[in-house]
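Here's the structure we're looking at; comments come further down.
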């Protein structure tokens with residue numbers, strides 16, 4: 001049996017869009033419209049992954065990344081990300097208590113959020129994302145990576161969604177998905 005796993009073959013794999021994001025970043029809030037549109041257009045034909053790139057200039061961004069991982073674990077990752085990004089100014093002012101409050105608003109286990117922020121159970125995921133981002137040249141957020149192409153949205157969002165769509169459409173056509 002020389003054939004490994006059919007799941008890992010390029011023809012059956014879904015294209016992946018990594019969205020390098022920081023939940024205290026106003027530019028990432030602006031990018032939400034594009035991410036929503038891409039998720040709506042492709043549905044389950046495109047895997048959209050949240051990748052964390054907390055910036056030192058935002059003091060609550062590392063905690064927010066951990067909170068987003070807890071939300072993902074509890075089944076509402078993107079809803080949580082959208083709720084926090086929609087109120088970046090509130091996160092700036094209130095910090096971690098706001099992150100727990102949003103979890104409660106979404107019907108997530110807020111106590112578990114609080115515990116996760118204290119015990120740091122998601123730190124390794126956030127650290128690994130940040131290290132990988134640096135390794136591939138991410139310098140700011142949002143940054144999109146699809147088909148090994150890095151598209152920087154921190155300077156301008158202009159035309160980025162269209163560029164991502166061109167790449168994904170080509171991948172889907174090539175892969176027969």
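The values are calculated or read from the model by the stated rules, or taken from the named source; none is laboratory data. Everything numeric in this text was worked out from a predicted model, so none of it was measured. Virtual Cβ from ideal backbone geometry, glycine too; neighbours counted across all protein chains shown.
For the residues 97, 6, the requirement of being at pLDDT below 90 and either under 26 Å from residue 118 (Cα atoms) or loosely packed, with under 14 Cβ neighbours inside 10 Å (or both) singles out 6. Of the candidates 159, 137, the single residue that is over 17 Å from the mean Cα position of the chain (by Cα) and exposed (fewer than 15 other Cβ atoms within 10 Å of the Cβ) is 159. Evaluated against (1) within 24 Å of residue 123 (Cα to Cα); (2) in a loop (DSSP other than H, G, I, E, B); (3) out of contact with any helix residue (DSSP H, G or I) (no Cβ under 6 Å at 6 or more places or on another chain), residue 23 falls short on exactly one condition, (3).
Here residue 149 fulfils each of the conditions (1) over 14 Å from the mean Cα position of the chain (by Cα); (2) buried (at least 22 other Cβ atoms within 10 Å of the Cβ) apart from (2).
Looking only at residues in segment 104-121 that are under 15 Å from residue 63 (Cβ atoms) and exposed (fewer than 14 other Cβ atoms within 10 Å of the Cβ), the one that is nearest to the chain's Cα centre (by Cα) is 120.
One residue is enough: does segment 43-61 have a residue meeting the conditions closer than 16 Å to residue 142 by Cβ, assigned to a helix (DSSP H, G or I) and in contact with a helix residue (DSSP H, G or I) (Cβ under 9 Å, 6 or more places away or on another chain)?
The answer is yes, given that some residue of segment 43-61 is closer than 16 Å to residue 142 by Cβ, assigned to a helix (DSSP H, G or I) and in contact with a helix residue (DSSP H, G or I) (Cβ under 9 Å, 6 or more places away or on another chain).
Kindly indicate the residue of segment 164-176 that is modelled with pLDDT of 90 or more and out of contact with any strand residue (DSSP E or B) (no Cβ under 6 Å at 6 or more places or on another chain) and also surrounded by the fewest Cβ atoms within 10 Å (Cβ to Cβ) among those meeting that condition.
The qualifying residue surrounded by the fewest Cβ atoms within 10 Å (Cβ to Cβ) is 173.
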